[in-house]
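A short reminder: the numbers here are calculations on the coordinates, not readings from a lab. Small disclaimer: the values here were computed from a predicted structure and weren't measured. Positions of Cβ are backbone-derived with ideal geometry, glycine not excepted, and every protein chain shown enters the neighbour counts.
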Amino acid sequence: MTPLSTADDPLGAGRLDPAAVARDRARLEALAGRPLAARLVGYLRMLGPGYLQSAMTLGGGTASSALFAGAIFGYELLWVAPLAMGLGVIMLAAVSWQTLSTGRRPWPAMRDHAGPFFAWAWALGALLSSIIWQFPQYALASAVLVDLADLAGYPGTPSVAAGAGVLVWAVAVSGLYGRSARWVRVYEVLLQAMVWGIVGCFAWVVARTGVSDWGELLRGFTSFSVPDTRNGIAGVTLVLSGLSAAVGVNMVFLYPYTLLARGWGRAHRELSRVDLLFGMFVPYTIAVSLVVIATANTLHLDAAYDGMRLSPVEAARVLAEGVGVGAGRLVFGLGILGMALSSITLQMLTCGFVGVELFGLTVGTWKHRLATWLPVPGVLGCVYWTDIAVWVAVPTNIVCGIFLPAAYAGFCLLQRSRAYLGDDRPSGVFGAVWLAAMVAITIFGIGFLGWYVVGILVG
C-alpha cells in the first residue's frame with residue numbers, strides 16, 4: 001500500500017492506515033448520492049471526534065455548574081446547556097470547515113493568516129487551561145473514588161491512593177492515542193462508551209426521582225430567564241459559568257487535530273457537522289440536563305445544606321435518600337467519576353497537540369508522549385483541593401474562558417480569508433450569516449470578559 005502524502009497526513013505521524021483511509025472515503029462516496037435520511041444513518045456509524053468533545057466538556061466544571069443550577073434554581077437554568085453548546089457548534093463547525101477544506105494544521109494556519117497574537121493566545125490558553133483544570137478534576141475524581149470505596153466497605157481510603165489510581169489510568173488511556181489508526185479508534189470508542197455511560201447513570205437517577213411538574217421543566221428550557229441571587233449564589237454567575245464550561249479554549253484546540261488524526265479531509269465535511277450534532281451537542285445537552293433535573297428534584301427542595309460547600313459526594317448522599325442509599329451513591333458517583341476521568345485524559349491529549357506545534361514534535365513519538373504528561377502535577381489536587389468546595393470550579397470555568405475570545409477572533413479572521421480558504425470561503429447569504437454569528441459569539445465573549453474583569457476590580 002502506498003504511504004499517504006503530506007496532504008493526506010498533515011500531522012506527519014505516519015500512523016494513518018492508508019487502507020483504512022481509503023475504505024472510509026469509499027463509504028462516503030457510496031453515501032454521497034443517497035437521500036439525506038440514508039446519509040444520516042450511514043454517518044451515525046462513523047462518528048468519533050465529536051464524542052471526544054462531549055467527553056472533554058463533561059468534566060468537573062460542567063458537573064459543578066449543573067449541580068448548583070439544579071440545587072439552587074431548580075429547573076430555571078435548563079436552557080443554559082443547549083444554548084451554550086449550540087453556540088459552540090457554530091464555532092466548531094467553522095473550525096472543521098476550515099481544517100477539512102484546506103487540510104492544513106490549524107495552528108500554523110492561524111499564525112500565518114490571522115496573526116501570531118491570535119495563534120499564541122489560542123495555544124497558550126489551551127495549554128494553561130488544560131493544566132489548571134487538572135487540579136479540580138483530580139480532586140473531584142479522588143473524592144468520588146474515596147466515597148465509592150467507603151460504600152464498598154473500605155472506609156478511610158486515602159485520597160492520595162485514589163489520586164494515584166486516577167493518574168495511572170489517565171496515563172495509560174491517553175497513551176493509546178497516536179500509536180496507530182487502530183488505537184485512535186479504540187480510544188474514541190472507549191470515550192463514546194464513557195459518554196453514554198454518564199448519560200445512563202444520570203438518566204437512572206432522574207427516572208427514580210421522577211419529575212413532579214413537567215410544565216415547569218419545559219419552561220426551564222424555553223424561558224431564558226436569569227434568576228436573582230439565592231442562597232448566596234448569583235444566577236448570572238451560574239449562567240456565565242455554564243456558558244464557559246460548555247466549550248473551552250482547550251476543546252477548540254483539540255478538535256481540529258482529532259479530525260486530522262482520523263485522516264478526515266474535504267469529503268468528510270458534511271459528516272463532521274453530523275458528528276458535532278450527534279456526537280457532541282446531543283449527549284452533552286442530555287447529560288447536563290439530567291444532572292440539573294436530578295438535583296432539582298432533590299437538593300432544590302432541601303434547604304439544610306450549605307450551598308457554598310455543596311460537592312458531588314454530598315449531592316450523591318442526598319440523592320440516595322430518594323433513590324436508595326447504596327444504588328443512589330453508586331450510580332450518581334459513577335456518573336461524576338466518568339465525567340472527571342474523561343476530561344483528564346482529553347486535557348492531556350490537548351497538551352500533547354500543543355506540544356506538537358510549539359516544540360515541533362511528531363505525533364506518536366516519545367517526546368509527544370512527554371508533552372501529554374505536562375498536566376500530571378494536577379494529581380496534587382487530590383491533596384490540596386480536597387477541602388475546597390466544588391464551588392471553586394465555577395470561577396475557574398470563567399477564568400479559563402478568558403482565552404476563548406482570542407481563539408474565536410482568530411477563526412473569524414480565517415473564515416473570511418480568501419488567501420487561506422480560496423474558493424472554499426463561505427459566500428452569499430449563508431456565508432454572511434455564518435460569519436455574523438461567529439462575530440456575535442466572539443463579541444459576547446469579549447463582553448463577558450470585560451464584565452468579569454470589571455466585577456473583580458469593583459468588587
Inset, instruction - Rank by packing, highest mean first: peptides 196-207, 360-371, with packing defined as the count of other Cβ atoms within 10 Å averaged across residues. - result: 196-207, 360-371
Inset, instruction - Over the residues of the stretch 1-153, compute the C-alpha Rg and express it relative to 2.2 N^0.38 Å. - result: 1.39
Legend entry - Net +/- balance of residues flanking HIS268 in space, Cβ distance below 11 Å, scoring K and R +1, D and E -1: +3
Inset, instruction - Starting from the amide H of ARG230, placed 1.01 Å from N in the peptide plane, find each other amide H under 5 Å away whose residue is 5 or more places distant or on another chain. - result: GLY235
Inset, instruction - Which order do the peptides 267-276, 168-177, 49-58 take when ranked by the mean count of other beta-carbon atoms within 10 Å per residue, highest first? - result: 49-58, 267-276, 168-177
Inset, instruction - Please order ILE443, ILE131, ILE293, ILE336 by the number of other Cβ within 10 Å, starting at the fewest. - result: ILE443, ILE131, ILE293, ILE336
Legend entry - Cβ-derived FRET efficiency at R0 35 Å, LEU190 paired with ASP424, nearest 0.05: 0.55
Legend entry - Relative packing of peptides 433-442, 153-162, 107-116 - highest average C-beta neighbours within 10 Å first: 107-116, 433-442, 153-162
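Cβ under 13 Å from PHE73's Cβ, PHE73 left aside: what net charge do those residues give with Lys, Arg +1 and Asp, Glu -1?
In short, -1.
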Inset, instruction - Multiply the residue gap between ARG27 and ILE446 by 0.36 nm, knock off their C-alpha separation, and tell me the result in nm, one decimal place. - result: 146.7 nm
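Among ARG104, ARG266, rank each residue by its count of other Cβ atoms within 10 Å, from fewest to most, as a rough exposure measure.
ARG266, ARG104
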